[in-house]
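> Sharing a structure below in structure tokens format, with a few things to ask.
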Amino acid sequence: MESKNKLKEVAGVFLKLGSIAFGGPAAHIAMMEDEVVKKRKWISHEHFLDLIGATNIIPGPNSTEMTMHCGHERAGMKGLIVAGVCFVFPAVTITMILAWLYGKYGELPEVEPFIYGIKPAVIAIILGAVYRLGKKAIKNVYLLILGLLTLSATLLGLNEIIALFGCGLIGITWHILQKSRFTLKTVASPVFLQLLISTANLKILCTFLKVGALLYGSGYVLFAYLDAELVDTGLLTREELVNAIAVGQFTPGPVLSTATFIGWQLNGFWGAMLATVGIFMPSFIFVAILNPLIPKMRKSKMISAFLDAVNVAAIAVIVAVSIEMGIEIFTNWRSIIIAVLSLILVLKFQKLNSAFIVLGGAFTGYLLLVISGLK
């Protein structure tokens, strides 16, 4: 009975997050920290940081993989599956409806006025999480310096994956210089999965399995992958791809719901289902293998040094993302007001659910557009 209750709890949390989590992986992870660490205390801040660090060094959508880690921590392997499925379900459902409308009418609905105020509110939520996680990640001056170096390198254009691994290697090097002898034990568990499908849909599944297994980085990297796999091969037009990416950006949940939209354009409902399964399946496998290893990795002093450095680097990358988002968003007084009000709420009312901040930002943004005569 207790196991079922935990699964219901996991399902409820990640269905909610999947329905309101706008703003990309940094925002999703910030909302997750609010739900599973601060409010429900499923895991500690330190372990949550380890999960972020581990997630950043494997391919796939970081925020979706974090949901799987959190689900596993709460309810084991079943929790991993339930958390991942529930998080992507709202985005996939909304995207499938939009894909049907696009196929029927040839255009996407205008939603910008309704999400205008969400973006600055999301930045406030991210900054709140950065403050809480940063206090745990920055254990000494050395890690603070590493974090500042990573932040500077990321803002100057260094690829975030290179920045994370580079910071981790510096952490290991520093540990080796301090301790001349070290040992490393790793455990790997291969996972094999077979799917029986018709040959008509095999190419769709294989294409998105490949992308899901190799994808690192942001939505822009996803665009490049899909452009090479679909547009260059003539399966999709660039306009259709741009519209698909746009759908992934303005729907809640993971941007990889783009795959659902594209799959629908390629072969209707079953194309959408197979594209969705293909792009997310590698993440379930990677997390299922990695999650049990993280506590063992933390026990190794050398790997612990790597994780400490990667954790600080991950916080620095999140800060860099916030700065880049801010440059794009804070172009007028309306967005600044929403961000300031949201940040005050985040810091002063720490028990306030992030969902209310998102909804409040949406309402305030729409109201300010109306007052300004822009809507």
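The values are calculated or read from the model by the stated rules, or taken from the named source; none is laboratory data. Remember, it's a predicted structure, so these values are computed and weren't measured experimentally. Glycine gets a Cβ as well: all are built from the backbone with ideal geometry, and neighbour counts include every protein chain shown. The area values use the complete protein model at the heavy-atom level, side chains included, leaving out ligands, DNA and RNA. Shrake-Rupley method; radii C 1.70, N 1.55, O 1.52, S 1.80 Å.
> Could you tell me whether the range 28-73 comes out rounded, prolate or oblate from its Cα gyration tensor? Rule is a ≥ b ≥ c as square roots of the eigenvalues, rounded for a/c under 1.5, then prolate if a/b exceeds b/c, otherwise oblate.
prolate
> So how do 257, 372 rank on accessible area, 1.4 Å probe, biggest first, that is with the largest at the start?
Descending order: 372, 257.
> Given the whole protein assembly as supplied and a 1.4 Å probe, what does the accessible area of residue 231 come to in Å², nearest 10?
30 Å²
> Express in whole angstrom the spacing between the alpha-carbon centres of the range 40-96 and the range 139-161.
25 Å
> Can you list the DSSP H helices in the chain whose Cα atoms extend at least 15 Å along the helix axis and whose mean Kyte-Doolittle hydropathy is 0.5 or higher?
Helices passing the filter in the chain: 62-105, 118-137, 141-155, 160-178, 199-214, 258-290, 301-329, 333-348, 354-371.
> Round to the nearest 10 and report in Å² the accessible area of residue 97, as given by a 1.4 Å probe over the protein chains' heavy atoms.
100 Å²
> Pull out a ≥ b ≥ c, the square roots of the eigenvalues of the alpha-carbon gyration tensor of the range 312-375, then state rounded if a/c is under 1.5, prolate if not and a/b is larger than b/c, and oblate in the remaining case.
Because a/c hits 1.5 or more and a/b fails to exceed b/c, the range 312-375 counts as oblate.
> Any idea of the accessible area per residue across the chain, 1.4 Å probe, to the nearest Å²?
Averaged over the residues of the chain, the accessible area is 47 Å².
> From the square roots a ≥ b ≥ c of the eigenvalues of the alpha-carbon gyration tensor of the range 1-144, which class results: rounded (a/c under 1.5), prolate (a/b over b/c), or oblate?
Note, shape of the range 1-144 comes out oblate.
> Set the Förster radius R0 to 41 Å, insert the Cβ-Cβ distance between residue 372 and residue 169 as r into 1/(1 + (r/R0)^6), and round the FRET efficiency to 0.05.
0.25
> So how much accessible area does residue 366 have, in Å² to the nearest 10, using a 1.4 Å probe?
Roll a 1.4 Å probe over it and residue 366 shows about 80 Å².
> Just reorder 77, 302, 297 by solvent-accessible area, largest first, 1.4 Å probe, all chains present.
Heavy-atom accessible area, descending, gives 77, 297, 302.
> How would 42, 333, 270 line up by accessible area, probe 1.4 Å, largest first?
Correct descending sequence by accessible area is 270, 333, 42.
> Here's something else I'd like to know. Name the most mobile residue of 237, 154, 276, meaning the one with the largest mean-square fluctuation, in a Gaussian network model of the chain with Cα contacts below 10 Å.
Among 237, 154, 276, the largest mean-square fluctuation in the Gaussian network model of the chain belongs to 237.
> Same structure again: Which aspartates and glutamates have a Cα less than 19 Å from the Cα of residue 351, not counting those fewer than 8 places away in the same chain?
Correct list for residue 351: 9, 33, 34, 35.
> Nearest 0.05, what FRET efficiency do residue 301 and residue 148 give at R0 = 25 Å with Cβ-Cβ as r?
0.55
> Still on this model: With the full set of protein chains in place, find how many percent of the accessible area of the chain is carbon and sulfur; take the probe as 1.4 Å.
Ligands and nucleic acids excluded, carbon and sulfur reach 67 percent.
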